[in-house]
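Here's the structure, in structure tokens; my notes come after.
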Amino acid sequence: MPHTSPSTRSVHSLLLVSDLDGTLLDHHDYSYAAALPALRRLQSLRIPLVLASSKTFEELLEYNRRLENPHPLIAENGALVAIPEGYFPDQLPGRQEQGYCLLSPAIGIAQIRRVLSSLRAEGFEFRAFGDMDVDEIRSHTGLNTASARLASYRRASEPLLWRGEGERKTDFIDALRMRGLRVLQGGRFLHVLGPSDKASALALLRRRFGYPRVVALGDSPNDLELLRAADHPVVVRRPDGSHFAKIGDTALYTQGVGPLGWNEAIQGLLDTLVE
Ligand SMILES: [Mg+2]
């Protein structure tokens, strides 16, 4: 892998971790075209870009292929980390799939679904990805059939639509917590997962990369821990003009929305940090 060449070691002291939807990808059309100049610059500097998303490994793999990005992936909101085979010198424990080693999640999807069915038996009402066929996932997400199929390949987190009374939702979240699970609010979906998050996945990778400085980019509450864990947090502007949170004085708040803001922030950071 390209991480050991002495001539390029200095730039590898930087690691980029980015959310996808609303951050690198446009909120409406999922395009990253506006970020291409910065993406190309990162590639020519050989700075690793780790995609970190609520998406599944298979969905992220599609983006890594399209971007010709050979770096690790943080899938399912941090519950799953995938590392290209041979990327780090030592052997990693986990399952080999499609050229990646998938590190075993703390709590797998089968266990999450068992807990959910026991809660359903207690009267909580929801509809989870595990209850849906691909057509139903497509209708709830707006994805095309092929992408909806990739989104259905959950390994370590379960998105669900709450169907009960509003006040029962808090009881439901508490009941999951008591069983060792946590809940992240996505756009329309609640995501049920184990104790990991994007920040714990980053901590694991940061150690492997030899403690580089980390630039992290995100646009939503599920990016908050990731941004707080970064040396250079970038809060990407949303289509309504807002930034979802104040992270502190060190954070960058982009002028541009989505990938346009991504491009602006990375170009500016590379100007000051690398060249
Ligand atoms: Mg997002």
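The values are calculated or read from the model by the stated rules, or taken from the named source; none is laboratory data. Just so you know, these numbers come straight off a predicted model, no measurement behind them. Please note: Cβ atoms are built from the backbone with ideal geometry, for glycine as well, and neighbour counts cover all protein chains shown.
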| message | If I filter segment 194-214 down to residues being in contact with an Asp or Glu (Cβ under 7 Å, 6 or more places away or on another chain) and not in a helix (DSSP H, G or I), which single residue comes out as farthest from the ligand (Cβ to nearest atom)? | response | Arg213
| note | Of the residues in segment 220-232, those that are over 14 Å from the mean Cα position of the chain (by Cα) and buried (at least 24 other Cβ atoms within 10 Å of the Cβ) number 1
| message | Restricting to segment 57-76, name every residue that is out of contact with any helix residue (DSSP H, G or I) (no Cβ under 6 Å at 6 or more places or on another chain), within 24 Å of Thr141 (Cβ to Cβ) and of a type outside the set (A, V, I, L, M, F, W, C). | response | Glu62, Tyr63, Asn64, Arg65, Arg66, Asn69, Glu76
| query | Can you tell me which residue in segment 3-21 is nearest to the chain's Cα centre (by Cα), limited to those that are at pLDDT 95 or above and of a type outside the set (A, V, I, L, M)? | reply | Asp19
| message | Among the residues that make up segment 197-219, is at least one of them within 30 Å of Gly123 (Cβ to Cβ), of a type outside the set (Gly, Ala, Ser) and either assigned by TED's automatic domain parsing to the domain that holds Phe88 or crowded, with 20+ Cβ neighbours inside 10 Å (or both)? | response | yes
| Hey, among Ser200, Ser157, which residue is of a type in the set (Gly, Ala, Ser), under 17 Å from Leu73 (Cα atoms) and in contact with a strand residue (DSSP E or B) (Cβ under 8 Å, 6 or more places away or on another chain)? | Ser157
| Within segment 132-145, which residues are within 19 Å of Leu184 (Cα to Cα) and not hydrophobic (A, V, I, L, M, F, W, C)? | His140, Thr141
| query | Is it the case that some residue within segment 252-264 is modelled with pLDDT of 95 or more, buried (at least 19 other Cβ atoms within 10 Å of the Cβ), more than 18 Å from the chain's Cα centre (by Cα) and of a type in the set (Ser, Thr, Tyr)? | reply | yes
| query | Just one of Arg163, Arg237 is basic (Lys, Arg), outside the structural domain of Cys101 (by TED's automatic domain parsing) and modelled with pLDDT of 95 or more; which is it? | reply | Arg163
| Every residue from segment 10-59 that is hydrophobic (A, V, I, L, M, F, W, C), in contact (Cβ under 8 Å) with a residue 40 or more places away in the chain, under 24 Å from Ala229 (Cα atoms) and within 16 Å of the ligand (Cβ to nearest atom) | Leu16, Val17, Leu20, Leu24, Leu25, Ala35, Val50, Ala52
